[in-house]
Amino acid sequence: MTGESPVAVLRREYDAIARQLDGTTGNAEREAAKVDGMLGELTQLKEEIRQLVDRYKQITADTKQASAPEFTGARPVLHADHIGATTFIEKGWSLISLGDHAGAIQALTKALQLSPGETQAESLLGWAQMLHEDYDDALGTFQKVLMKEPANSLARINVGYICLKKRIFGEAIEHLSKAIRLDNDKKATLYAHFYLGLVYLQREMYEDAETFFEKTIKLGPNLIEAYYELGRAHWFAGEQDKAKTIWQDGFKANKFNPWGKKCQETLDLVAKGEEPPRE
């Protein structure tokens, strides 16, 4: 039937297998193997859909404010439990990956009701709260994680990002600097440099900001946002020519990236004699 749900097809196959269990064993096993193969294909399709969602989020990224860290939580390793918490942890991870942060918060809160203090669930809940911009809740959640795992660099840079958003600069510097010293996660080290650059940019300490943005680009040349921010640091330090060169580099690095486009838009703006935004 055209347009029939794959779930409906699988349900029909299941019912057929159930009817055959009273018949020949070999035939039922063959049908079960066929459904198992279909489930494998569905799992692959689900992963491909998630990748499409990630691409869509990159294309439609908001360039009015600094980006939150890219979600990098590893897929939970499921194990059997009699209370069912892992089911909600898996659901929470999937919902964060798909951008449904409110749904993820609900699922992960349920997981923690079933298994209080479960570190993986707490860490994922912190991600969901932060991406949902519930910064106070996220801060509390990540602090619980760090009490148990002080070397968790991703949790540290997330706390640093939240402190940056809340303009608690001293605490942001403390957590981000520690993540750099730990240097046990490449993505965390990259974002720690980037957010430290933003802290110093907001404090109008332009030379320090430039240093951290330059290191960010060296560590992760695909983080195009760093080009835009480095250009702003040069501009407000009175180095307008350097700023223009950096924005040109950012646009050339990836002209289809929202931040690459932002570099070109800023070049057009200053060409008209206007100032780039300070925030």
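The values are calculated or read from the model by the stated rules, or taken from the named source; none is laboratory data. It should be emphasised that the depicted structure is a prediction, and the values quoted were computed from it without experimental measurement. Cβ sites come from the backbone with ideal geometry, for glycine too, and all protein chains shown count toward neighbours. Please note that ligands, DNA and RNA were not included when accessible areas were found on the heavy atoms of the full protein model with its side chains. Shrake-Rupley method; radii C 1.70, N 1.55, O 1.52, S 1.80 Å.
Numbers at a glance
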{"item": "Too-long pairs where the Cα-Cα distance tops 24 Å, listed order kept, from K91/K255; K91/K186; K187/K218; K178/K215; K144/K165; K110/K186", "result": "K91/K255; K91/K186; K110/K186"}
{"item": "GluC sites (Glu not before Pro) within the range 149-233, DSSP loop, no more than 14 other Cβ atoms inside 10 Å", "result": "E204"}
{"item": "Rounded D (µm²/s) - the range 140-279, Kirkwood Rh over Cα pairs, Stokes-Einstein at 4 °C, 1.567 mPa s", "result": "84"}
{"item": "Carbon and sulfur %, accessible surface of the range 179-279 computed with the full protein complex present, 1.4 Å", "result": "46"}
{"item": "Pair A151, T87: separation of 7 Å Cα→Cβ label points (nm)", "result": "3.6"}
{"item": "Residues Q106 and T245, FRET efficiency given R0 of 45 Å [Cβ-Cβ distance, rounded to 0.05]", "result": "0.40"}
{"item": "FRET efficiency estimate (nearest 0.05) - Cβ-Cβ, E171 to D268, R0 41 angstrom", "result": "0.65"}
